[in-house]
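As structure tokens, the structure follows; a few thoughts come after it.
Please treat every number below as a calculation from the coordinates, not as lab data. Quantities reported herein were computed from a predicted structural model and do not represent experimental measurements. Methodologically, a virtual Cβ is constructed for each residue, glycine included, from the backbone with ideal geometry; neighbour enumeration extends over all protein chains shown.
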Amino acid sequence: MSTVATAKLASLEELEALRSSIRVEQQKTQTTVALCCGTGCQAYGSGRLIEVFAEALAKEGLEDSVRVRATGCHGFCERGPLVVIHPKGTFYQRVGPDDVGEIVAKTVKQGELIERLLYVDPQTKEKAQTEEQVGFYKHQHRLVFGNNGAIDPKSIRDYLAVGGYAGLAKALSELKPDELIEQITESGLRGRGGGGFLTGRKWRSCREAEGEPKYVLCNGDEGDPGAFMDRSIMEGNPHSVLEGMVIGAYAIGSNHGYIYVRAEYPLAVENLGIAIRQAEELGLLGEDILGTGFDFEIRINRGAGAFVCGESTALMASIEGKIGDPRAKYIHTTDVGLFGKPSNLNNVETWANVPLIVNRGAEWFSSMGTEKSKGTKVFSLVGKINNTGLVEVPMGVSLRDIIYKVGGGIPDGRKFKAVQIGGPSGGCIPESLLDTPVDFEQLTELGAMMGSGGLIVMDEDTCVVDIARYFMNFLCEEACGKCTPCREGTKIMLDILGRICQGKGEAEDMDKLEALGEQVQLTSLCGLGTSAANPVLSTLQYFREEYETHVKDKRCPAGVCRQLITFSVTPEACTSCAMCVKACPVEAISGGTRKGKGKDRVRVPALIDQDKCIKCRACHEACKFDAVVIS
Amino acid sequence: MPGEKSASVEEIDVSAARKIAAGHRAQGNSLVTVLQDVQTEYGYLSGEVLEAVAEEMEVPFSQAYGLATFYSSFSLQPRGKHHICVCMGTACHVRGAANILEKLERDLGISSGETSEDLKHSLESVNCLGACALGPVVVVNDAYHGKVSSRDVDKIVADLE
């Protein structure tokens, strides 16, 4: 990374001049090795790859002509570590340190492909040479996420080279605050954090609210388990969030901003911090932005591990240094928010959409999506799915297309059962409704919600009662305790669900859950409580039979609920390899050996002592011959 | 490593905590931020440290204690030399994270949220680490282990010494 002129840009012309000079400079480098350093790829060891690439390039004397770029998340976490070599865009997956020498020698120097590192489509068996040819990317429409793979998140120069801060320049030079709000309203952009409130309307309320100062906030407290798109934007393209916030602040008339980032995301905190410093150095943030006289500063607050702080009023309390208790919102936070002042809170993905809209216009944005849900949405596709990763598609695409076309379907030939959308506040959607176009209204109608966009795919080995119990346990633990319906209601629902999973369910339990769920929905104080029953109610709606099997037959068809299953060994399939015997932590398995000598040598199949068995699944996992069965 | 500092529980030098608090107070930062930085320094929040922070920030002790117990990232117990964190996010859950956590509890002889008496190990579960492609995920002293099976747990535990 080169460090050239960090003097403050005093005008829009200076910004464009800097952009041109960066582009000229970057064009000098013919080849770039873009290395995904998102959390997934880092966990696979991509951090080490950076050094190995640098060494290999130096050995070939290529360190000055080839740039190694550590980028943010490319989204295809399943096949990491990912490497893309530009300008051709050659796409390599599952790259290890041992492959690097060959990549430099063959692909970087000679332009040759290394076949074994290419992605092979599991269905067509065709090899993809570039990202565009991979099924996972082919069916996506990457806008918010588009630059993640193209820039080094720690380099503002990279962001400027791809057109960064042009939206801000346009907003400050061509649009009055009111016109800007009008544009965002017309685009139809709605909050990506879950609620789906019209962004432009929220900005307008805050602008018109009485009281000074006004605050512009970014919700980066992505608490839904199974959702990590906001993390990837903050880590991979932090400037897009900052740019959106500065534009919003200008429209609303605010000079102070906060970004509230989840405690578990240290890399996001680091990259946002670097981005803020860089933007300040260039006069894109701070006092007198681009010489226009507009001031805006941003501070980062780290969350401290409380799910409820994703709720707007709890988040604001937390920034103030208090316990994250939500309050009733008879008075909107746009009137009385942080420190009792008008505050506008949008989530990370919403802010990252703003520069795109300003750059390309409201009409362009609203041409994508459905009647009431415009633009694209980033989903995290996880669970029992072949292509785990982050997926950006236009609103209105069907769940089936996301799961099968982009996600590549269910692994190991298992059958699809349900998809949980919207995290703990969302619902489970069955196979029969997979053709539903995904937008805010449709999902709410099905008893789920957009939430932040987590899609957790479940196959026939997932028990929906266990999943409902899992979410209820989560919510019960995370409930702040302020209001009775949520605090007590989630606890009682959890007790009932726990009982059902233990085979102690009673016939009226399902009706009780429904009645209680509706009560909690109607009477809770904040969003956590009003949506807490969704996972239970939606599974009861679509999978009531499975509940009944648990209650009446005391059976768990998916083979998950421990008290309702037994492990046994099929003697015919057992090879007496003793792997299960070794794996068992409680010495519940006998046999699994060979006895006698010569001709008399016989196999003794393994046998599980049901009284000792703790149903930890270790034997089932250890057996390579599918001889340990669950019934 | 913050964990290493917490070896002697009895005598705690609170001057670092006071210094951190005073610095933040001057900048007008919140008590949550102070506690985060103090925890980074000490590895956990002891009673003495909380008292010192409350005094320095001129707030009642109950307020500092309230925050320390409300937010799950604060720990009132010292962490072990090896800190093991099991992701219990939904993606990890459907891939059997509960069994992994249970096995770790069995093998280490401590429950989730506890530290072993010799301060060697501490075990914790978190809601989601956002590394869903790798589920079930176990993080040992900041090193990620992905697609963990029961057998991998044996290896992870064996490598802890």
Quiz prompt | 3J(HN,Hα) from dihedral phi, segment A:488-493, Karplus parametrisation 6.51/-1.76/1.60, rounded to Hz, x for glycine, proline | solution = 7, x, 5, 5, 5, 4
Quiz item: Applying the Karplus parametrisation 6.51 cos²θ - 1.76 cosθ + 1.60 with θ = phi - 60° to the phi angles of segment A:240-245, what ³J(HN,Hα) value in whole Hz is obtained for each residue in order, glycine and proline being reported as x?
Solution: 5, 5, 4, 4, x, 5
Quiz item: Of all GluC sites (Glu not before Pro) in segment A:177-227, which ones are in loop regions per DSSP and have a Cβ with at most 16 other Cβ atoms within 10 Å?
Solution: A:210
Quiz item: How high is the relative contact order of chain B, in percent, counting Cα pairs under 8 Å that sit 6 or more residues apart?
Solution: 20 percent
Exercise. Would you mind giving the mean number of other chain beta-carbons within 10 Å of the Cβ of each residue in B:32-42, as a whole number?
Key: 3
Self-check item: chain B: Lys pairs at Cα distance under 21 angstrom, eight or more positions apart or on different chains
Solution: 11
Quiz item: Where a ≥ b ≥ c are the square roots of the eigenvalues of the C-alpha gyration tensor, would you call segment A:566-630 rounded, which needs a/c under 1.5, or, failing that, prolate if a/b is larger than b/c, or oblate?
Solution: prolate
Quiz item: Extension gain residue A:512-residue A:586, at 0.36 nm per residue separation less the Cα-Cα distance, in nm?
Solution: 22.8 nm
Quiz item: Which value in nm describes the separation of the simple spin-label points at residue A:29 and residue A:568, placed 7 Å from the Cα toward the beta carbon?
Solution: 6.4 nm
Quiz prompt | Angle between chain A longest axis and helix A:266-281 axis [Cα atoms, degrees, rounded to 10] | solution = 10 degrees
Quiz item: Is the shape of segment A:430-515 best called rounded, prolate or oblate, per the rule: a/c under 1.5 gives rounded, else a/b larger than b/c gives prolate, else oblate, with a ≥ b ≥ c the square roots of the Cα gyration tensor eigenvalues?
Solution: oblate
Quiz item: What angle do you read, to the nearest 10 degrees and between 0 and 90, between the alpha-carbon axis of helix A:12-28 and the longest principal axis of chain A?
Solution: 60 degrees
Exercise. Assign one of three labels to chain A, namely rounded, prolate or oblate, based on the Cα gyration tensor with a ≥ b ≥ c the square roots of its eigenvalues; rounded applies when a/c is under 1.5, prolate when it is not and a/b is larger than b/c, and oblate otherwise.
Key: oblate
Self-check item: Extended-chain gain in nm, criterion 0.36 nm per residue less alpha-carbon gap, residue A:115 and residue A:154
Solution: 10.9 nm
Quiz item: With labels modelled as points extended 7 Å from the Cα through the Cβ direction, what inter-label distance (nm, one decimal) is found for residue A:492 paired with residue A:432?
Solution: 3.0 nm
Quiz prompt | Positive-end residue of A:565, A:628, A:549, charge dipole of segment A:543-631 with Cβ unit charges | solution = A:628
Self-check item: Positive-end residue of B:42, B:74, B:94, charge dipole of chain B with Cβ unit charges
Solution: B:94
Practice problem: For segment A:1-98, run through the trypsin sites (Lys or Arg not before Pro) and keep only the ones in DSSP coil with at most 13 other Cβ atoms within 10 Å of their Cβ. | Solution: A:88
Practice problem: Report the calculated FRET efficiency for residue A:124 and residue B:117 (r = Cβ-Cβ distance, R0 = 56 Å), to the nearest 0.05. | Solution: 0.45
Quiz prompt | Pairwise FRET efficiency - residue B:16 versus residue A:270, Cβ, R0 = 25 Å, nearest 0.05 | solution = 0.65
Quiz item: Among the trypsin sites (Lys or Arg not before Pro) within segment A:508-606, which fall in a DSSP loop and have no more than 10 other Cβ atoms within 10 Å of their own Cβ?
Solution: A:597, A:601
Quiz item: Cα to Cα, under 19 Å, and not fewer than 8 places away if on the same chain: which aspartates and glutamates meet these conditions relative to residue A:504?
Solution: A:466, A:495, A:514, A:545, A:546, A:548, A:553
Quiz item: How high is the FRET efficiency between residue A:106 and residue A:624 when r is their beta carbon distance and R₀ equals 45 Å, given to the nearest 0.05?
Solution: 0.75
Quiz item: Between residue A:186 and residue A:612, what length comes free when the chain is fully extended (0.36 nm per residue of separation minus the Cα-Cα distance, one decimal in nm)?
Solution: 146.8 nm
Practice problem: Give the percent of DSSP beta bridges with both residues in chain A that are antiparallel, rounded to the nearest 5. | Solution: 60 percent
Quiz item: Points 7 angstrom from Cα along the Cβ direction at residue A:331 and residue A:553: gap in nanometres?
Solution: 5.7 nm
